[in-house]
Amino acid sequence: MTKSMTDQSNEEGGVNRFLVLATYLFMIFLTGCVYWGWNGMQKLLYKAGAFEDLCFEATDVSSISVGNVQYLDCGARKSNINNLYTIAYSTHFISSVFVGLVLDKIGPKYCYITGQFINFIVWIFISTFPKQPIVLYTGFFLMGLTAESIYMPLITVSYYFPENRSFIISCLGSTRSVSFVIPTILAAIFKLDYFKPDSLYIIGVSYALVGNLLCLVLGIFIIQAPMHVNNGAIERNTENARSMDADAMCEKRGGMAKMVERARQLYRHPQCMEYILALICICLFLSSVEFVNKSQRELLTTSDGGTVVEIFQYFNILTFLPAPLLGLLMDKFGPAVVLVILHSCCALYYFCVTFDVYTVKLAACFFYLISGSVCVSSMYCYISTRFPAEHFGVLIGVLFVFAGLVTLTNIPLYNLGSQYLKHLAPYNFRPIALILMTYMIVCVCLSSILVYISKKNPVQVYTKKSETSQV
């Protein structure tokens, strides 16, 4: 690396790259993907009275504890609150490819500040009007829609560490997992007796100011528009680093027409069947991971009242811990092997929660710790390792669009357990767990086939980048 390239990598716009990285990590911690900390979000919504009116004439009335206070609950309320998570989750993945195109058009700075501004407004509205269904549905839709717009632009900092790009991206991804703790912190504050159920706006507006608005201001001054990167340094980056790059999908040129053309090229590609297998895997896997969060209170509680829900919320936050080890395994044995591990652990999670035993449900939390750690980045790794690098963006984009659409089926699936099978309580979610366990057994079989394909064709000439292509 020449001196000029080193200088560019160390300083951008007069700001040291390590200072920029530290600031980006702080921004990701505050607002990375907070809705995934769903346990905390549930507590906020329950105490604030969201959908409480649905229980006034319900026949399956029960209660839920937030702090030391019991709040009204019923099947209809469970469904409506937890389906907000599915709305955000599905929209998140369906919109990822389009967020990438927007980022490509207007640059990382304007993409980021737009996303943060929308989230700032969303938090104010959902905390001020938590009893208005239209506000909640719209708010969580927008939260999912902008989830990648406040993360993708920050991954560009990895370009300033060309020799350690994969490590930098791992740090960013791990910090995003740590951001799941934010709703837990907010819920811990809100459950204090000082805050009444109608005072959620104090918590929400405060977070909007300290989190979204602060990050928006930092983004204005720190994030570049457009991104200026030394391509010579990027060319030195390894294929493994590119495999972990969550922002690569947003760097393809040509818009929707080019995406359609690349999809046609894929259909004629000799690896078409391999891609279809990967598509089925990610659709079933992400759908199963999503259902873990929304159904935790039902699946992690025993018939005698024992629950590991409070423990699970910390396991959810700690999913960043296995990521480095799993990354090393992907480097050594290939991403398909790690997919088998992830899918097996997710299947074991659903197997464990079918038992009405506290310790077995606790074991389920451990299996989720592994399966939820690299549930998204593992597919980034597989696609970039096995398929043409110049088509990486559209290949990942198509996967996420289909995964988001399939995840929408979790809404009727949850309603089935919470409303139509409520006569089986407290075992009304056991049939659903068996269905999702079947999903994951199918995934284990398909990912095992992917391992066989990877071993049969260990070297992929398609991943070799041409001299004229861009990262």
#### Entry: residue 303 being part of a loop (DSSP other than H, G, I, E, B) and either closer than 20 Å to residue 450 by Cβ or assigned by TED's automatic domain parsing to the domain that holds residue 382 (or both)
yes
### Task
Please determine, by comparing only the residues of segment 94-125 that are modelled with pLDDT of 85 or more and of a type in the set (Gly, Ala, Ser), which one is nearest to residue 141 (Cα to Cα).
95
### Message
Need the failing condition index for residue 232 against (1) surrounded by fewer than 22 Cβ atoms within 10 Å (Cβ to Cβ); (2) assigned by TED's automatic domain parsing to the domain that holds residue 112; (3) small (Gly, Ala, Ser); (4) modelled with pLDDT of 60 or more, just the number.
### Response
(4)
### Message
Restricting to segment 122-138, name every residue that is free of Cβ contacts under 8 Å to residues at least 12 places away in the same chain and not in a helix (DSSP H, G or I).
### Response
129, 132
### Message
Cβ-Cβ distance below 7 Å, separation of 6 or more or different chains: which pairs start in segment 54-81 with a residue that is assigned by TED's automatic domain parsing to the domain that holds residue 42 and buried (at least 19 other Cβ atoms within 10 Å of the Cβ) and end on one that is in a helix (DSSP H, G or I) and acidic (Asp, Glu)?
### Response
77/52
### Summary
Wholly inside segment 361-420, helices (runs of 4 or more DSSP H) that include 1 or more residues that are in contact (Cβ under 8 Å) with a residue 60 or more places away in the chain, in contact with a Gly (Cβ under 8 Å, 6 or more places away or on another chain) and closer than 14 Å to residue 291 by Cβ are none
### Query
Does segment 137-147 include one or more residues that are assigned by TED's automatic domain parsing to the domain that holds residue 65, more than 21 Å from residue 293 (Cα to Cα), of a type in the set (Gly, Ala, Ser) and buried (at least 24 other Cβ atoms within 10 Å of the Cβ)?
no
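The values are calculated or read from the model by the stated rules, or taken from the named source; none is laboratory data. Keep in mind that this is a model prediction, so the values were computed, not measured. Reconstructed Cβ throughout: ideal geometry from the backbone, glycine too, with neighbour counts over all protein chains shown.
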